[in-house]
Amino acid sequence: MISVQSLRVEFGTRVLFNELSFSVQARERIAFAGHNGAGKTTLMKCLAGILKPNAGIVHAPKGTRIGYLPQEGIHIRGRSLWQETESAFGETLALRGKIDRLSHELAKLDPRSSPYAGMLEEIGGLELQLEATEPARMKPRIESVLKGLGFKEQDFPRDCAEFSGGWQMRIAMAKLFLQEPQVLLLDEPTNHLDLGTQMWVEQYLINYPGAILLISHDRGLLDTLCTRTIAFAHGRAEEYAGNFSYFERESVLRREIQLKQYQSQQREIREIQRFIDRFRASANKATLVQSRVKMLAKIERIAEPDQFQFRNQQGREDRHRRT
Ligand SMILES: Nc1ncnc2c1ncn2[C@@H]1O[C@H](COP(=O)(O)OP(=O)(O)OP(=O)(O)O)[C@@H](O)[C@H]1O
Ligand SMILES: [Mg+2]
């Protein structure tokens, strides 16, 4: 569905990620993890095509529909809630409009004329296309998504501008769900939701027919939904083949292993250095010292593991504790 190759984003001197490569298969669910400011939103913007990376490419087959729910900054104006969500069904609405226009013109024509027959045939063709978009499902689907996201029937005709920031996010989410893109990019979708709505969204996403890439502070949602995790820290992104809890356990293990390797290499370096220091002045050991110096230069240094642990992510909370 999407293939990311050697992606790099930096702001000033700060590298958020480098040489990041991964691919997303149909129906896959991937979590982005990392502390505040690590680069999760930035990667999502690259995938949505809003931000151009400093290097690397994001490739999706032509015609792949990718939908993005931003973390903030949603302002919808000038339409009612119903019109806004209905606009998710652009094809259905366009066909309906065209059929209405043609039917209007048809009424002005002489039924015995040949333009009349031609137009009748055209309308027939459009009606078949319209049926293929399942227009009868449109209204019940809009109603079910809006109600699932906490809107009341009396909200439907209200202007979108009347809704506060958190509710604007729900409007954008409703439209996105109804558009049903093949890849859904969600940045903190449950942040402003009450528990009942969170549960509804979780269930909706479990049954979602496309791929989902998710950033969330809600570990319950991450664990239920995601089967892969991409974690960001200190300019690197690492992949984990499991949900958030798996990633937490595994990242601790990976760091322990890295620490052991680092410590053992440091011991080796110290021993070689001691040998060099001790025999540097001895003429009969000159060749041995030289070879040790070369050895030292050749060692590929293992980086000291970060003190930072992924599990200490700020603000990450357990939804079920809030009940
Ligand atoms: N356009 C920009 N110009 C300069 N710096 C930026 C820009 N966009 C983001 N940054 C910086 O890049 C870093 C990563 O930002 P990003 O929004 O991707 O983090 P995040 O992982 O989504 O964090 P959070 O969990 O707080 O949402 C931050 O330090 C941010 O200030
Ligand atoms: Mg963010």
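Kindly state, to the nearest 0.05, the FRET efficiency for Ser245 paired with Ser164, given R0 = 41 Å and r defined as their beta-carbon distance. Computed FRET efficiency for Ser245 and Ser164: 0.75.
Fewest-first ordering of Lys52, Lys62, Lys139 by other beta carbons within 10 Å of each residue's beta carbon gives Lys62, Lys52, Lys139. Given R0 = 22 Å, the distance between the Cβ atoms of Asp277 and Ala297 translates into a calculated FRET efficiency of 0.90. Here the stretch 149-301 carries DSSP beta bridges of which approximately 50% are antiparallel, counting only pairs with both residues inside.
Within the listed set Arg65, Arg27, Arg101, the Gaussian network model of the chain (springs between alpha-carbon atoms below 10 Å) gives the highest mean-square fluctuation for Arg101.
Each Lys and Arg contributes +1 and each Asp and Glu -1, all at the Cβ; summed about the Cα centre of the stretch 1-134, the dipole is approximately 680 debye. Residues in the stretch 210-223 carry Karplus couplings, in order, of x, 7, 10, 10, 10, 10, 7, 8, 9, 5, x, 5, 4, 5 Hz; the curve used is 6.51 cos²θ - 1.76 cosθ + 1.60 with θ = phi - 60°, and Gly or Pro positions show x.
Could you tell me how many degrees, from 0 to 90 and to the nearest 10, lie between the Cα long axis of helix 135-148 and the main elongation axis, the longest principal axis, of the Cα atoms of the chain? Once rounded, one gets 50 degrees. For the stretch 209-224, the residues whose amide N sits under 18 Å from a probe point set 7 Å from the Cα of His192 along the beta carbon direction are 215-218. Compared with the dominant principal axis of the Cα atoms in the chain, helix 90-107 is inclined by about 20°. Each label point was placed 7 Å from the Cα along the Cα-to-Cβ direction; for Asp306 and Glu256 their separation is 2.0 nm. Once each part is reduced to its C-alpha centroid, what is the distance from the stretch 69-91 to the stretch 1-23 in angstrom? Each part reduced to its Cα centre gives a spacing of 30 Å. Electrostatic tally near Gly56: other residues with Cβ closer than 11 Å to its Cβ, Lys and Arg +1, Asp and Glu -1, net +1. When +1 charges are put on Lys and Arg Cβ atoms and -1 charges on Asp and Glu Cβ atoms, the dipole computed for the stretch 257-312 relative to its Cα centre reaches about 240 debye. One decimal place: the segment Ser113-Lys285 gains 50.9 nm when fully extended, by the rule 0.36 nm per residue minus the C-alpha distance.
Once both axes come from the Cα atoms, what is the angle between helix 114-132 and the longest principal axis of the chain, in degrees from 0 to 90, rounded to 10? Between helix and principal axis, roughly 40 degrees.
A short reminder: the numbers here are calculations on the coordinates, not readings from a lab. Bear in mind the structure is a predicted one, so any value in this text is a computation, not a measurement. Note: ideal-geometry Cβ built from the backbone for every residue, glycine included; neighbour counts use all protein chains shown.
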